[in-house]
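Note sheet for the following structure.
Every number here is computed from the coordinates shown, using simple stated rules; none is lab data. Only a predicted model underlies this, so the values are computations on that prediction, with no experimental measurement involved. Reconstructed Cβ throughout: ideal geometry from the backbone, glycine too, with neighbour counts over all protein chains shown.
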Amino acid sequence: MNRSATLILFKIALTIPVGFALAYPFLHPTAAGGIFNEIVMLGVFGAVALSSAFLSLVFLYCRDLNRSLTLVHPSARMAAPRSVWLMFLIPYNFVEDFFIIANVARSLEREAKTNAALYSFKSFGMVSGIGWCTAQIFSLLPNGFGAIAGFIAFPLWIIHWRFIRQVNRAISESALRASVDNT
C-alpha cells in the first residue's frame, strides 16, 4: 500500500470516533449537554440561523486558506489550494482540519524562504490553527468540558483566520509592488 492510501485510511480510522461523538447526542438525548440542549436553548429557528451563519463564516475562512495556497509559489505548496474545501466534509473534516492547517502553515514557511513579504512573520499559524482544531475535537464531548472547549476553539479560530488574512495581504501587496516595479 502506498503512502497516500495509508494516510487516507489513517484519517478514516480517526474519523470513526469523531462520527460516534457527533452521533452520541442523538443516541443519548438525555446526556448532559450536547446538541439537543443547544437546540432547546436557541429554538429550531435560532439553531438553523446560527448554523447557517457559522457555515457562511467557514466558507469565507476556506476561501482565505485557498487564497493562501494560491498565493504561495507552486513549488512551496504542501497541498493543492482546493484541498481546503474538505473542511465541509463532515465528520471527516474534524480530522482533515489538522492536515489542512499543517499544510498551509508548512507551505507559508517554505514560501518565506524565498519571499521577503513573509520575513517579518515569526509563526505561520501552526499553534493557533492546531489549537482550534484540538479544541474543536474536545468540544464534541457532551458536558461542560465540551462547552468550554467550544468557547476556546472559536477565538483560536478567529486568531488563526486573522493571521491568514495578514499573510495574504502581505503576499498580495508584495506581488503588486513587484509588478509595478517591473513596468
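Brief remarks on what is shown
- Largest-first principal axis extents of the Cα set of the chain (Å): 66, 43, 25
- For the chain, the Cβ-based charge dipole about the Cα centre amounts to some 480 debye (Lys, Arg positive; Asp, Glu negative; other atoms uncharged).
- Here the relative contact order of the chain, from alpha carbon pairs under 8 Å that lie six or more residues apart, stands at 23 percent.
- Hydrophobic, long helices, defined as DSSP H runs whose alpha-carbon span along the helix axis is 27 Å or greater and whose mean Kyte-Doolittle value is at least 1.0, occur in the chain at 3-27, 35-71.
- Centroid-to-centroid separation of region 147-167 and region 38-87 [C-alpha atoms, Å]: 12 Å
- Entry note, the chain: the mean residue ellipticity at 222 nm calculated from DSSP H runs of n ≥ 4, each adding -39500 (n - 2.57), is -26000 deg cm²/dmol after division by the residues and rounding to the nearest 500.
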